[in-house]
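Heads up, the thing below is written out as structure tokens.
The values are calculated or read from the model by the stated rules, or taken from the named source; none is laboratory data. What you see is a predicted model, and the numbers here were worked out from it, not measured in a lab. Here Cβ is always computed from backbone atoms with ideal geometry, including for glycine, and neighbour counts include all displayed protein chains.
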Amino acid sequence: MKKGLLAIALFCLIGCVSAQDIQLVPPTKTGGKPLMEALSERQSHRSFEQKDLPAQTLSDLLWAAYGFNREGLRTVASSQNKQEIDLYVVLSNGVYLYDAKDNVLKLMIEGDQRAALGQPNISENAALSLVYVANIDKASNREAGFIDSGLIAQNVYLYCASAGLGTVARGSFKRPDLHTALKLTDQQEITFVQPVGYIK
Ligand SMILES: Cc1cc2nc3c(=O)[nH]c(=O)nc-3n(C[C@H](O)[C@H](O)[C@H](O)COP(=O)(O)O)c2cc1C
């Protein structure tokens, strides 16, 4: 009886942990391909193997995309240093917000929301999809959100070229559907999405 209760308690504990925030491993900030090689190999890929990224790769990708590389400042420039972009990470089990300061993926929405990303032929096998969300009330102007997202997206392209991963910036998706699925406010605007995965 006691053993049974213990097993249930353990099961609940594991279940709770798996549905919670994901603490990322510290990013590796060295290595990778030389910049000119990564630029030579940068291209869009639209076909992915169904395979998750290892913990280290996930952390490195997110740091390259939008991590802090100096006190309070990031691997990308932003208009007037507003840092108005939130980087959402859509995994098969939920939607997370990248908290670069604490190196954590904060669980925002539980469950598979990938159908709202559109273009399933591209997105369904990707290990993850990044969703760029501009906070309009924080941005210097609306255009800045799109420009600043583009800078992050290029970091992702270059990291992927360096790490042998595939990615593609995607502007074709139903904005209202994804906005609703991500439970965003009217002060938030999705600029575009970017799946990442192993190239098929
Ligand atoms: C803002 C933006 C939106 C894009 N939207 C899509 C898209 O919705 N679907 C898609 O397959 N590719 C999309 N692309 C990728 C372009 O089609 C691609 O970059 C272009 O064909 C050049 O190919 P390359 O990236 O391999 O050099 C987009 C690229 C950008 C920059």
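For the reader, a short list of remarks on this structure follows.
- Count - residues of segment 42-64 that are assigned to a loop (DSSP other than H, G, I, E, B), more than 13 Å from the ligand (Cβ to nearest atom) and among the charged types (D, E, K, R): 3
- Tabulated pairs, segment 110-122, first surrounded by 14 or more Cβ atoms within 10 Å (Cβ to Cβ) and among the basic types (Lys, Arg), second assigned to a helix (DSSP H, G or I) and at pLDDT below 95, C-beta under 9 angstrom, 6+ apart or interchain: Arg114/Pro120; Arg114/Ser123
- Residues being within 14 Å of the chain's Cα centre (by Cα), surrounded by fewer than 22 Cβ atoms within 10 Å (Cβ to Cβ) and within 15 Å of the ligand (Cβ to nearest atom) are entirely absent from segment 124-131.
- Count of segment 137-189 residues which are in a loop (DSSP other than H, G, I, E, B), in contact with a Lys or Arg (Cβ under 7 Å, 6 or more places away or on another chain), under 18 Å from Ile199 (Cα atoms) and more than 14 Å from the ligand (Cβ to nearest atom): 0
- Segment 1-59, residues that are aliphatic (A, V, I, L, M) and modelled with pLDDT under 95: Met1, Leu5, Leu6, Ala7, Ile8, Ala9, Leu10, Leu13, Ile14, Val17, Ala19
- Residue among Lys101, Lys106 that alone is away from the ligand (no atom under 16 Å from the Cβ) and part of a loop (DSSP other than H, G, I, E, B): Lys101
- When residues of segment 32-41 are limited to those that are more than 20 Å from Arg74 (Cβ to Cβ) and either of a type in the set (A, V, I, L, M) or part of a loop (DSSP other than H, G, I, E, B) (or both), the one nearest to the ligand (Cβ to nearest atom): Leu39
- Val89 assigned to a strand (DSSP E or B), in contact with a strand residue (DSSP E or B) (Cβ under 6 Å, 6 or more places away or on another chain) and within 16 Å of the ligand (Cβ to nearest atom): no
- Members of segment 71-105 found to be exposed (fewer than 15 other Cβ atoms within 10 Å of the Cβ) and under 23 Å from Ala181 (Cα atoms), listed by number: Ser92, Asn93
- From the options Leu105, Leu182, residue that is at pLDDT 95 or above and closer than 22 Å to Val25 by Cβ: Leu105
- Search result, residues across segment 109-123 that are in contact with a strand residue (DSSP E or B) (Cβ under 9 Å, 6 or more places away or on another chain), more than 15 Å from the ligand (Cβ to nearest atom) and assigned to a helix (DSSP H, G or I): Arg114
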